[in-house]
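Q: Take a look at the following structure, please.
The values are calculated or read from the model by the stated rules, or taken from the named source; none is laboratory data. Since the model is a prediction, treat every value here as computed from it, not as a measurement. Glycine also receives a Cβ, built like all others from the backbone with ideal geometry; neighbour counts cover every protein chain displayed.
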């Protein structure tokens with residue numbers, strides 16, 4: 001039977017976020033067919049898929065379409081009450097002008113301190129805390145990637161089993177290091193990222209860099225602040241290089257094997273937040289629950305990073321008033337402006353962000369996507385702004401500037417020092433990172449049921465009224481502490497799923 005003609009299996013349900021909104025989204029899993037009548041007399045004029053918008057009132061051509069109490073676009077043609085609204089009848093609005101924003105006008109006061117919460121972590125010499133005990137081997141150039149792939153197989157087979165307290169050995173491989181404009185102004189981004197990655201809290205301070213010997217990015221440049229390097233061209237033959245790598249790796253495994261988990265306050269968490277495969281429920285369920293959890297973490301003294309410049313740009317006017325200081329607001333605007341110019345140089349604008357999956361999930365454009373994305377930031381004051389690849393130095397809520405690409409964002413948040421990652425998704429993704437646990441939160445229960453062995457927490461019951469945003473926020477908070485302590489394992493780690501690290505390199509490649 002055609003799903004568009006199939007009667008719904010439950011009463012029609014819709015969600016309107018703000019009283020100002022002239023649209024609502026369909027909650028029902030199968031969508032709702034034309035002719036569906038709501039208790040207030042609204043009748044659907046067409047089939048409306050789950051997560052997609054229906055018009056709550058007539059919208060004249062050129063009139064604003066409002067969701068989250070904000071204009072997400074303008075009507076293309078006349079839209080009637082009960083019509084399906086999607087990317088085909090919405091014209092995207094211009095982004096908020098960066099010159100006319102409120103700057104630190106309404107920084108929220110600190111919330112009541114949340115004390116007594118702890119997790120079991122690995123304390124590092126520099127004061128940071130890891131949630132895993134991993135040896136990371138950095139590389140200075142892509143040329144050594146094949147060698148390190150071979151070496152890693154032997155390390156895991158011959159050495160790692162001898163050191164049971166070490167969780168894993170990972171290679172920080174990348175496509176940078178040579179054939180690049182190493183002294184170009186923007187080369188600072190990939191270089192800073194690689195320097196910071198090596199010192200992620202989950203790596204225990206044991207820095208080892210393997211290079212080739214003739215590359216532009218010399219290995220020593222990645223060990224500023226201490227560490228060890230080796231160059232393959234300094235040794236005779238492949239076998240000799242592997243032997244040296246194995247020797248130096250084992251020395252570090254012996255050190256890491258002595259580490260033990262200890263009870264530390266929740267304030268030692270550095271949480272990276274990200275969304276991928278977003279849909280119209282992202283801004284209603286998973287992201288608001290994560291935002292509530294972010295507020296709990298901030299009250300506990302932890303550090304929470306939200307990112308993805310393109311998915312913040314159209315909601316920046318909601319964020320700059322929350323900046324703790326005018327300087328923080330100005331830094332946030334500077335990152336928006338830099339990215340506007342970066343996209344313009346590439347011949348695109350922020351509208352290129354929205355994917356076919358986003359649209360299938362009910363998001364008409366990047367404005368609607370952004371308004372749902374920033375819900376992850378909760379309500380706390382924004383305490384700091386990081387340039388791509390910078391290490392975090394301030395506690396509280398931090399904006400870490402990154403592209404919206406899942407893999408680039410994850411890599412940059414790792415470089416900034418996250419020890420735990422939370423990833424919300426509406427369409428679904430097997431995304432994972434070898435260096436940190438990735439807690440995946442579904443926006444819809446339908447996804448959680450279909451991917452029960454990939455989703456760690458379901459925020460879908462918020463949409464059906466079975467749970468509140470606060471309920472799921474607290475559930476996520478406790479899950480974070482359990483995962484950070486090693487008491488619970490996320491699905492990505494159970495399956496050994498880990499995406500490759502992806503550097504952000506806005507500098508020229510020669």
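Q: Please find, among 285, 263, the residue that is within 29 Å of the chain's Cα centre (by Cα) and either free of Cβ contacts under 8 Å to residues at least 24 places away in the same chain or within 22 Å of residue 127 (Cα to Cα) (or both).
A: Exactly one residue qualifies, and that residue is 263.
Q: Being in contact (Cβ under 8 Å) with a residue 12 or more places away in the chain and at positive phi, is that true of even one residue in the stretch 98-109?
A: yes
Q: Is it the case that some residue within the stretch 46-53 is surrounded by fewer than 18 Cβ atoms within 10 Å (Cβ to Cβ), assigned to a strand (DSSP E or B), touching a strand residue (DSSP E or B) at 6+ places or on another chain (Cβ under 6 Å) and free of Cβ contacts under 8 Å to residues at least 60 places away in the same chain?
A: Looking for residues that are surrounded by fewer than 18 Cβ atoms within 10 Å (Cβ to Cβ), assigned to a strand (DSSP E or B), touching a strand residue (DSSP E or B) at 6+ places or on another chain (Cβ under 6 Å) and free of Cβ contacts under 8 Å to residues at least 60 places away in the same chain, one finds none in the stretch 46-53, hence no.
Q: Residue 121 fails exactly one of the following numbered conditions: (1) outside any loop (DSSP other than H, G, I, E, B); (2) in contact (Cβ under 8 Å) with a residue 60 or more places away in the chain; (3) within 30 Å of residue 338 (Cβ to Cβ). What is the number of that condition?
A: For residue 121, the exception is condition (3).
Q: Ok, one more. Can you tell me which residues in the stretch 494-510 are farther than 30 Å from residue 182 by Cβ and more than 17 Å from the chain's Cα centre (by Cα)?
A: Correct list: 494, 495, 496.
Q: Right, next: Consider residue 314 carefully, then state whether it is farther than 24 Å from residue 470 by Cα and surrounded by 18 or more Cβ atoms within 10 Å (Cβ to Cβ).
A: When the stated conditions are applied, residue 314 passes them.
Condition check ((1) under 17 Å from residue 406 (Cβ atoms); (2) modelled with pLDDT of 95 or more; (3) part of a helix (DSSP H, G or I)) across all residues:
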site: 327; (1), (2), (3): no, yes, yes
site: 337; (1), (2), (3): no, yes, yes
site: 348; (1), (2), (3): no, no, no
site: 362; (1), (2), (3): no, yes, no
site: 367; (1), (2), (3): no, yes, yes
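Q: Residues to consider are 315, 352, 375; find the one that is within 29 Å of residue 52 (Cα to Cα), assigned to a helix (DSSP H, G or I) and at pLDDT below 95.
A: 352
Q: Continuing with the same structure: Among residues belonging to the stretch 74-88 that are surrounded by fewer than 21 Cβ atoms within 10 Å (Cβ to Cβ) and touching a strand residue (DSSP E or B) at 6+ places or on another chain (Cβ under 6 Å), point out the one that is nearest to residue 35 (Cα to Cα).
A: The extreme case among them is 81.
Q: Another question about this same structure. Considering every residue within the stretch 269-287, establish whether at least one is buried (at least 24 other Cβ atoms within 10 Å of the Cβ) and part of a helix (DSSP H, G or I).
A: The answer is yes; a qualifying residue exists.
Q: Keeping to the stretch 63-97, report how many residues are without any contact (Cβ under 8 Å) to a residue 24 or more places away in the chain and in a loop (DSSP other than H, G, I, E, B).
A: So the count comes out to 6.
Q: Just give me the residues in the stretch 1-41 being more than 23 Å from residue 447 (Cβ to Cβ), surrounded by fewer than 18 Cβ atoms within 10 Å (Cβ to Cβ) and modelled with pLDDT of 95 or more, in sequence order.
A: Matches in the stretch 1-41: 18, 19, 20, 34, 35, 37, 38, 39, 40, 41.
Q: A further question follows. Restricting the search to the stretch 312-341, which residues are more than 20 Å from residue 107 (Cα to Cα) and in contact with a helix residue (DSSP H, G or I) (Cβ under 9 Å, 6 or more places away or on another chain)?
A: Answer for the stretch 312-341, where residues must be more than 20 Å from residue 107 (Cα to Cα) and in contact with a helix residue (DSSP H, G or I) (Cβ under 9 Å, 6 or more places away or on another chain): 338, 339, 340.
Q: Kindly check whether there is at least one residue in the stretch 68-85 that is farther than 30 Å from residue 15 by Cβ and touching a helix residue (DSSP H, G or I) at 6+ places or on another chain (Cβ under 7 Å).
A: no
Q: What residue, of 249, 304, is farther than 22 Å from residue 428 by Cα and not assigned by TED's automatic domain parsing to the domain that holds residue 201?
A: Matching residue, one of 249, 304: 304.
Q: From the set of residues in the stretch 240-268 that are touching a strand residue (DSSP E or B) at 6+ places or on another chain (Cβ under 7 Å) and part of a loop (DSSP other than H, G, I, E, B), which is nearest to residue 183 (Cα to Cα)?
A: Here the residue is 259.
Quick grid of which residues meet (1) outside any helix (DSSP H, G or I); (2) in contact with a helix residue (DSSP H, G or I) (Cβ under 9 Å, 6 or more places away or on another chain); (3) surrounded by fewer than 17 Cβ atoms within 10 Å (Cβ to Cβ); (4) in contact (Cβ under 8 Å) with a residue 24 or more places away in the chain:
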residue	(1), (2), (3), (4)
470	no, yes, yes, yes
474	no, yes, yes, yes
478	no, no, yes, no
488	yes, yes, yes, no
499	yes, yes, no, yes
504	yes, yes, no, yes
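Q: Quickly run through the stretch 393-426 and pick out the residues that are farther than 18 Å from residue 136 by Cβ, crowded, with 23+ Cβ neighbours inside 10 Å and either free of Cβ contacts under 8 Å to residues at least 40 places away in the same chain or touching a strand residue (DSSP E or B) at 6+ places or on another chain (Cβ under 8 Å) (or both).
A: Once the filter is applied, which keeps residues that are farther than 18 Å from residue 136 by Cβ, crowded, with 23+ Cβ neighbours inside 10 Å and either free of Cβ contacts under 8 Å to residues at least 40 places away in the same chain or touching a strand residue (DSSP E or B) at 6+ places or on another chain (Cβ under 8 Å) (or both), the stretch 393-426 yields 397, 398, 399, 400, 401, 409, 422, 423, 424, 425, 426.
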